[in-house]
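Below is one structure, written out as structure tokens; the observations come after it.
The values are calculated or read from the model by the stated rules, or taken from the named source; none is laboratory data. Please read all numbers here as calculations on a predicted model, not as lab measurements. Positions of Cβ are generated from backbone atoms using ideal geometry, with glycine treated the same way; all protein chains shown enter the neighbour counts. Surface accessibility is based on the protein's heavy atoms, side chains included, excluding ligands, DNA and RNA. Shrake-Rupley method; radii C 1.70, N 1.55, O 1.52, S 1.80 Å.
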Amino acid sequence: MSSESSLTPNTKNAPEAQIQTKRSFSVIWVIPIIALLIGGGLVFKALSEKGPTITIKFETAEGLEADKTKIKFKDVEVGKVVSIDLLDDLSGVVVKAEMSKEAEPFMTENTRFWVVRARVAAGEVSGLGTLFSGAYIGCSPSSEGKKQKHFTGLETPPVLTNDLPGRHFVLEAKTLGSLDIGAPVYYRGIKVGQVVQYDFDEQAEAVLIKVFINDPFQQKVRQNTRFWNASGIDMTMDATGVKMDTQSLVTIMLGGVAFDLRPHDQPKPQAEDEREFLLYENHETSQEDQYTIKRYYLMYFDQSVRGLNPGAPVEIMGIQVGEVVSVELHYDIRAVEFRIPVLVVLEPERIHAVITEEGELVKGEAKEEAIEENEDEVDEITARGNKLVKKGLRGQLKLGNLLTGQLYIDLTFYPDAPPASLIKEDGYLVFPTVAAPLEQIVHRVDNILKKIELVPFGKISEELQAAITELTATLKQIKGVSGKVNQETIPKVNASLERLEETLAGLESTLGPDSALNYNARQISSELAMAIRSIRSLLSYLERDPQALILGKEGDKQ
């Protein structure tokens, strides 16, 4: 018993165990927490520094690669292409790009994007660095305009002038011609700017060309400055010889624009930025005056108008007062004939001085006011025109250039012209005309020939032959009677009769059917017929080949 009791624990005197939960921080959580904080900081930094995501549409993705192609401004990376996809209608591609945070304020409607590749245009080589580094997207940021994230890229790199001193001007032209972005702009042969943009106007009826003139040459652009297309070679040929005008070899190959004041114009104030100017076709047209008052007339011609084209001059005494607007061909079913109506425009302002009914010589603004006072008074215009027509003013076709065969309309007074007056047709006053000089000559010779053909040479010859026969019979009777006459008078009478017989024989040889006179008359008629045919043949040949007057026929050149 004692041994068993000694082995049994004394549970009554043992202390009671107490369990406590210890919540102290474990070192093992330090690393995850630090990693989480670092990751969160990186995420926050990435989100805070991340720029906008934009899309750009291009016609093709040539040279572009996702996650590789950069977007640069002044060779500084401002974005990166992240994906390239086709548009739904397969008309192009859409490039998705992530821009830097610094570029976000400049993503506006005026910002432009384009692909930079190696390019040779307008006499300049650009983008050679892309041959080694690959193409990239160029950017021209702008903080002006509405914010946007969808853009349409330019297929042609623009000329950047935003940070250059100078001014922009807009030129209006009918066609673009050989001009292109980057084409030079010249002032007196010195390059002072370039073409930076072109587009249609709102109605798509004209081309608006934007040029940039560098500082300080923008000061040379005045409100009355004339711009003209200096592309190619401007060659003119007139009585003074052949003239050639060009700015440089670059303009011959690539095109260009030039500007200056006309020699007789006084400089007006400097032109403001974005001012619009008219772009003339060449230097010659830029020197011409501009006229606002125009009068339209119809002229009918009954001869060939080959060589009369729209733009041909209408002249008075060698001075241009208008030009041809259109040349048409009409067929009159009732009269079974063709008519050629020519519409011309006359510009009264080309007349630099007017002598009034009081004998006063009016020039300058007073003359312009005198013209404008009656601008809409059609009855007054018709009355004044009829006065000129009654004095013989007529329109006539004349040859203006022997080499090209070009015609023009000459207004000249013909006092002997048939009476005429101005009538109205299709809303236009019809101005009377006369035939061309060569046509008048042919017409007159033709009339003379017709009159000669009407002369009855055969009948005259027969009547003369009958008269000679009767006169011969009378002479025989006189000879019979002469035997009864006194012997003293017989010799005298016989001598007279012999002389009379000789005279009659001469008349018969002169006026008979086989006489020289009759033969010569027929010969003259034949030669006149040949002459008129030759003149007609000459006119026909000159119409086909006007330069033959100077160079001769083609067969004669060999």
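Evaluate E = 1/(1 + (r/R0)^6) for Ala383 and Arg295, where r is the Cβ-Cβ distance and R0 equals 22 Å; express this FRET efficiency to the nearest 0.05. Before the final figure, lay out each step's value.
Details: r = 14 Å, r/R0 = 0.62.
Working from the Cβ atoms, E equals 0.95.
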Potential lengthening between Asp75 and Arg188 on full extension [0.36 nm per residue; Cα-Cα distance subtracted]: 37.2 nm
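In square nanometres, what is the average projected area of the Cα convex hull of the range 263-335?
That works out to 9.0 nm², a quarter of the Cα hull's surface.
Where Rh is the Kirkwood radius over the Cα pairs of the range 311-354, the temperature 25 °C and the viscosity 0.890 mPa s, what D in µm²/s does Stokes-Einstein return?
On the way: Rh = 12.3 Å.
D = 200 µm²/s.
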In range of the label at Ser91: residues from the range 59-80 whose backbone nitrogen is under 12 Å from the point 7 Å along Cα→Cβ: 59
Label-point separation (nm) for Thr404 and Thr108, each offset 7 Å from Cα along Cα-to-Cβ? 5.0
Between Leu261 and Ile351, what is 0.36 nm times their sequence separation minus the Cα-Cα distance? Round to one decimal in nm. 30.1 nm
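Can you compute the FRET efficiency between Glu276 and Gln320 using 1/(1 + (r/R0)^6), with r the Cβ-Cβ distance and R0 = 35 Å? Round to the nearest 0.05. List each step's numbers first, then the result.
Values: r = 27 Å, r/R0 = 0.79.
Between Glu276 and Gln320 the formula returns 0.80.
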Determine, from the Cβ-Cβ distance of Glu62 and Ala35 and an R0 of 45 Å, the FRET efficiency 1/(1 + (r/R0)^6), rounded to the nearest 0.05. 0.50
When only Cα pairs under 8 Å and 6 or more residues apart are kept, what is the percent relative contact order across the range 289-344? 38
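Of the cross-linked pairs Lys80/Lys149; Lys74/Lys146; Lys101/Lys149; Lys45/Lys74; Lys174/Lys294; Lys101/Lys147, which ones have a Cα-Cα span greater than 18 Å in the structure shown? The partial results should precede the final answer.
Details: Lys80/Lys149 14 Å; Lys74/Lys146 23 Å; Lys101/Lys149 14 Å; Lys45/Lys74 26 Å; Lys174/Lys294 21 Å; Lys101/Lys147 14 Å.
Distance filter (> 18 Å) returns Lys74/Lys146; Lys45/Lys74; Lys174/Lys294.
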Heavy atoms of the protein only, probe of 1.4 Å, neighbouring chains included. What is the accessible area of Glu62 in Å², nearest 10? 120
